[in-house]
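A short worksheet on the structure shown next.
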Amino acid sequence: MQKLIIEARVNELAPRDPNPHVPFLPEEIAADAEACWREGASILHYHGRSAEGAPDNGREHNLQTNRLIRQACPILIHPSLGYVANDASAEERFAAIEAAMADPATAPDFAPMDVGSVNVDWWDPAAKRYTTTDLIYKNSTATLMHFASRIRHHRLIPYLVSWNVSFTRQIDAFLQMGVIDEPAYVCFCLTDGINLSGHPGTEAGLDAHLMFLPSGRRFVWTVVNYKGNLLNLAEKIIRAGGHISIGTGDYPYEELGCPTNAELIARVVELAQKLGREPATVDEARAMLTPQPQPVA
Ligand code: ZN
């Protein structure tokens, strides 16, 4: 069976309460990257954070993080574009990636493309009300076309995020236009608890995504459960040939005693091996995900 690509999603914007193991600073992220890589992760996803945990999208901060990760281990780097409500231009949103590509010591391997737009307000299930009311994750088609063209220019791997079926349909449209190449690496973003933006973090939520994956194309797919427990779905994902993107950034795993990111990766590897799938090495993951441009007719 195909090797399992495991991505460590180490911090997002998660607080250290209840899980104190969420890395914030570049040194902490790089140390976590190495620990996760040693356990079997082949991709690292992080967000820039200050010492207090606030978002830090400063240029030098991101470059330093990439540099330290590169020095620590060969794990593939999937950076964040660092915005939520996106009123910035496509060029501004992609500027951090452009800067990082100027030097192999800081260049990432992926650039994200969330292929659609969605409300991302925070929901309080206990109080039955929203705690924010105007957060929109906005990705216009023109912006996405710009990202696709710069991703191809830099020979990066597009990290295609699908929050619901309409995103997957747009990924198919981008493949039909020929602006991204197969195999398409798609991340199904399930959401739970305090975020209602994606499909529910349940078997049915995942099945609905898979049902609409266009046939006749080469896809590699992974699954995130933002604000929910992904381990509950891991066996289904592994058996179905999918890949796993997991970390304390998405969910604190308080029911497991607030593990470290590396401990979460170790759990995934143990389950995968039991089910007959070995973790992919960095080189294997890169080979499975590198797009192959279609020959020009
Ligand atoms: Zn992220």
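The values are calculated or read from the model by the stated rules, or taken from the named source; none is laboratory data. As the structure is a prediction and not an experimental result, all values here were calculated from the model. Please note: Cβ atoms are built from the backbone with ideal geometry, for glycine as well, and neighbour counts cover all protein chains shown. Ligands, DNA and RNA are excluded from the accessible area calculation, which covers all protein heavy atoms including side chains. Shrake-Rupley method; radii C 1.70, N 1.55, O 1.52, S 1.80 Å.
Once each part is reduced to its C-alpha centroid, what is the distance from region 204-272 to region 101-115 in angstrom? Cα centroid to Cα centroid, the span is 23 Å. Inter-label distance, E278 to S149: 4.3 nm, where each label sits 7 Å from its Cα along the C-beta direction.
Pick from A99, A107, A142: which is most flexible by mean-square fluctuation in a GNM of the chain where alpha carbon atoms under 10 Å apart are linked? Evaluated over the chain, the most mobile residue of the options is A142. Dimensions of region 1-157 from C-alpha coordinates, computed as largest minus smallest value along each principal axis and given longest first, are 44, 40, 40 Å.
Where both bridge residues fall in the chain, DSSP classifies roughly 15% of the beta bridges as antiparallel.
When DSSP beta bridges are restricted to pairs lying wholly in region 9-162, around 35% turn out antiparallel. Once the 1.4 Å probe is applied to the protein heavy atoms, the chain comes out at 43 Å² accessible per residue. The GluC sites (Glu not before Pro) of region 2-74 meeting both criteria, a DSSP state outside H, G, I, E and B (loop) and at most 14 other C-beta atoms within 10 angstrom of the site's C-beta, are E52.
Taking all Cα pairs closer than 8 Å and separated by 6 or more residues, the relative contact order of region 6-289 comes to 22 percent. Between I136 and E203, the FRET efficiency estimated from the beta carbon spacing at R0 = 35 angstrom works out to 0.75. Our Cα-only numbers for the chain put the radius of gyration and Dmax at 17.8, 58 Å.
Net charge around L213, counting only other residues with Cβ within less than 12 Å of its Cβ (Lys, Arg = +1; Asp, Glu = -1)? Local charge sum for L213: +1. The helix-based estimate of mean residue ellipticity at 222 nm for the chain, built from -39,500 (n - 2.57) per DSSP H run of four or more residues and divided by its residue count, is -11000 deg cm²/dmol to the nearest 500. Here region 84-157 is treated as a Stokes sphere of Kirkwood radius computed over C-alpha pairs; at 25 °C and 0.890 mPa s its diffusion coefficient rounds to 175 µm²/s.
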